[in-house]
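Participant: I'd like to ask you about the structure that follows.
Bear in mind that the values in this text are calculations on the coordinates, not laboratory data. Since we're looking at a predicted model, the values are computed, not measured. All Cβ positions, glycine included, derive from the backbone under ideal geometry; neighbour counts span all protein chains shown.
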Amino acid sequence: MTPFSRRHFLSALAAGSATLGCPALVRADGAAGRVVVVGGGFGGATAARYLKRLAPHLQVTLVEPAQRFHTCPFSNLYLAGLRSWDSIGHGYDGLRVAGVEVIHAMADDVDSARRTVRLSTGQSLAWDRLVLSPGVDMRWNALEGYDEAAATLAPHAWKAGPQTQLLRRQMEAMGDGGTFVMTIPDNPFRCPPGPYERAAMVAHYFSRHKPRAKILLLDAKDNFSKKALFLQGWKARYGDMIEWIGLSDDGQVTRVDAGQREVLTAFGQKHRADVLNVIPPQKAGVIAERAGIVDASGWVPVKAESFESRQVAGIYALGDATLAAPMPKSAFAANTQAKVAAAAIVAELTGKAAPVPAYANTCYSLIGPGYGISVAGVYQAEAGRIVEVPGSGGVSPLDGSPDFRAAEARYGDSWYAAMTADIWGQPG
């Protein structure tokens with residue numbers, strides 16, 4: 001993608017074009033039926049809103065336990081002290097106003113034969129189509145010693161909520177000169193650039209409050225999203241505060257002792273932390289497994305044209321839970337997948353041909369105030385697979401000017417405000 005076209009693409013994304021990267025959406029006033037959506041994040045809440053927008057006569061029910069959804073995007077900025085906790089939380093009144101029934105409960109089980117979802121309240125919901133957007137769950141004990149109890153001592157903070165707040169409190173309590181250790185899993189996992197933005201945001205906080213602190217990143221791989229840009233940005237903003245150790249240099253952690261805040265690497269090296277942030281291997285949210293749509297990988301295989309499950313007809317899966325490579329597990333990807341799935345469901349219920357799908361992704365990462373970087377991509381369905389459109393997307397230039405970096409930081413803010421307004425009905 002040329003610099004001009006890439007800037008145009010990123011500007012459009014930041015401005016929040018609701019249909020960019022999505023199929024031509026056709027309103028179907030006569031569509032009727034019952035669609036249950038499980039999960040009120042970027043995928044599920046988008047699907048619920050667009051199903052109702054495309055087919056006002058549909059009965060659309062969103063099941064989400066949280067009264068207020070706190071987003072993983074921008075949660076790293078909360079750690080840095082650049083965002084308040086309330087600013088990354090979003091309620092569901094906007095969806096209710098749009099005509100979506102919102103039930104705050106857990107979805108405990110799915111009966112695909114009877115087409116019902118059983119809730120934690122004991123209620124059973126019947127559906128003609130089911131959309132699951134459950135995000136990720138942690139693979140407890142995939143790292144020896146790291147289970148749910150260990151996470152209360154060495155938080156993963158990979159679901160925005162109490163874990164994120166716990167990590168922030170530990171950062172605040174750490175003495176100046178302490179060491180913050182983060183362990184990073186191999187692919188796939190939620191938000192590929194997320195750990196590296198987190199390192200920058202933790203460094204920003206430390207540079208202001210604990211300037212003698214050190215950050216050690218132990219990574220189970222040698223390459224990661226926007227690697228050269230992150231390495232350059234860390235050095236420019238934080239000097240030698242951040243040290244990254246990849247797989248080839250013994251960065252893969254194999255055992256965790258959360259009580260001692262220690263980790264052991266594959267070659268037997270022991271590292272001790274004052275604050276230990278363990279990001280473990282992940283899998284699709286448990287309700288996807290109970291619905292019978294997860295394969296041996298732990299993720300959900302989907303049809304490229306609609307994101308309907310390949311294993312159970314009538315069930316659609318979105319976002320981080322899915323196998324959708326080369327699309328990353330990102331918020332923007334979930335948003336575009338949801339719009340494609342909504343259009344496909346409405347077309348199916350009305351007996352019309354589904355529109356040709358198109359997908360997009362963009363991810364902004366903040367190195368520090370006024371210093372942003374990004375990656376973008378456009379995708380399409382081809383012969384049953386998702387493929388990247390040749391010549392589309394790309395990353396920020398490696399030696400971008402200060403003005404360019406500042407512009408991308410502003411684009412990131414605009415992206416977040418526009419996305420959250422599009423989904424939940426109010427800006428973040």
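Participant: Using a 10 Å cut-off on Cβ atoms, rank the peptides 311-318, 167-174, 111-118 from the highest mean neighbour count down.
Facilitator: Packing proxy ranking, top to bottom: 311-318, 167-174, 111-118.
Participant: Find, to one decimal place in angstroms, the Kirkwood hydrodynamic radius of the range 259-341, where the mean of 1/r is taken over every pair of different Cα atoms and then inverted.
Facilitator: It works out to 14.8 Å.
Participant: Could I ask something else about it? Once Rh for the range 167-321 is found with the Kirkwood sum over Cα pairs, what is the Stokes-Einstein diffusion coefficient at 10 °C and 1.306 mPa s, in µm²/s?
Facilitator: 92
Participant: Where q = 0.16, 0.25 Å⁻¹, what log10 of I(q)/I(0) comes from the Debye formula for the range 156-237, counting one point per Cα?
Facilitator: Taking Cα atoms of the range 156-237 as identical point scatterers yields -0.64, -1.39.
Participant: Right, here's the next one. For every helix of n ≥ 4 consecutive DSSP H residues, a contribution of -39,500 (n - 2.57) applies; sum these over the chain, divide by its total residues, and give [θ] at 222 nm rounded to the nearest 500 deg cm²/dmol.
Facilitator: After summing the helix terms and dividing by residue count, I get -9500 deg cm²/dmol.
Participant: Quick one: what do you get for the chain if you divide its Cα Rg by 2.2 N^0.38 Å?
Facilitator: Scaled against compact globular proteins, the figure is 0.96.
Participant: Enter the angle in degrees (range 0 to 90, nearest 10) between the Cα long axis of helix 3-15 and the first principal axis of the Cα atoms of the chain, meaning the one along which they spread out most.
Facilitator: 70
Participant: Work out from phi, with θ = phi - 60° and the Karplus expression 6.51 cos²θ - 1.76 cosθ + 1.60, the ³J(HN,Hα) of each residue of the range 315-329, listed in order in whole Hz, and give x for Gly and Pro.
Facilitator: Result, rounded to whole Hz: 10, 10, 10, 9, x, 4, 6, 9, 8, 9, 4, x, 5, x, 7.
Participant: Another question about this same structure. About the Cα centre, and with charges only on the beta carbon of Lys, Arg (+1) and Asp, Glu (-1), how big is the dipole of the range 29-144? Nearest 20 debye, please.
Facilitator: Dipole of the range 29-144, to the nearest 20 debye: 280 debye.
Participant: Now, a different point. For the chain, with the dipole built from +1 on Lys and Arg beta-carbon atoms and -1 on Asp and Glu ones, taken about the Cα centre, which of 353, 75, 309 lies farthest toward the positive end?
Facilitator: Farthest towards the positive end: 353.
Participant: Hey, another quick one. Relative to the longest principal Cα axis of the chain, at what angle does helix 402-424 sit, 0 to 90 degrees, rounded to 10?
Facilitator: In the chain, helix 402-424 runs at an angle near 40 degrees to the longest axis.
Participant: Also: Return one number: the angle in degrees, 0 to 90 and rounded to the nearest 10, between the long axis of the Cα atoms of helix 42-54 and the longest principal axis of the Cα atoms of the chain.
Facilitator: With rounding to tens, the tilt is 20 degrees.
Participant: Ratio to report: Rg/Rh of the range 36-174, with Cα atoms as the point set and Rh obtained by the Kirkwood method; give two decimals.
Facilitator: 1.03
Participant: Quick one: if the Förster radius is 22 Å, what FRET efficiency do residue 270 and residue 139 give, using the C-beta to C-beta distance and rounding to 0.05?
Facilitator: Working from the Cβ atoms, E equals 0.45.
Participant: Can you tally the net charge around residue 187? Count Lys and Arg as +1, Asp and Glu as -1, for every other residue whose Cβ sits under 10 Å from the Cβ of residue 187.
Facilitator: The answer is +1.
Participant: Could you please tell me the mean projected area of the C-alpha convex hull for the range 345-393, averaged over all directions and given in square nanometres to one decimal?
Facilitator: Taking the Cα atoms of the range 345-393, their convex hull projects to 5.4 nm² on average.
Participant: Given C-alpha coordinates of the range 310-372, what is the ratio Rg to Rh with the Kirkwood estimate of Rh?
Facilitator: 1.11
Participant: Using only Cα atoms, figure out Rg for the range 327-415 and give it as a multiple of 2.2 N^0.38 Å.
Facilitator: 1.35
Participant: From the backbone phi of the range 222-231, what are the Karplus-calculated ³J(HN,Hα) couplings (6.51 cos²θ - 1.76 cosθ + 1.60, θ = phi - 60°) in whole Hz, Gly and Pro given as x?
Facilitator: Values per residue, Gly and Pro as x: 9, 10, 8, 4, 6, 3, 4, 5, 5, 4 Hz.
Participant: Express in % the proportion of alpha carbon pairs of the range 51-121 at distances exceeding 18 Å.
Facilitator: That tail contains 57 percent of the Cα-Cα pairs.
Participant: Hey, which of these cross-link pairs are over 32 Å Cα-Cα: 52/226; 159/339; 214/339; 52/227; 283/352; 159/270?
Facilitator: 52/226; 214/339; 52/227; 283/352
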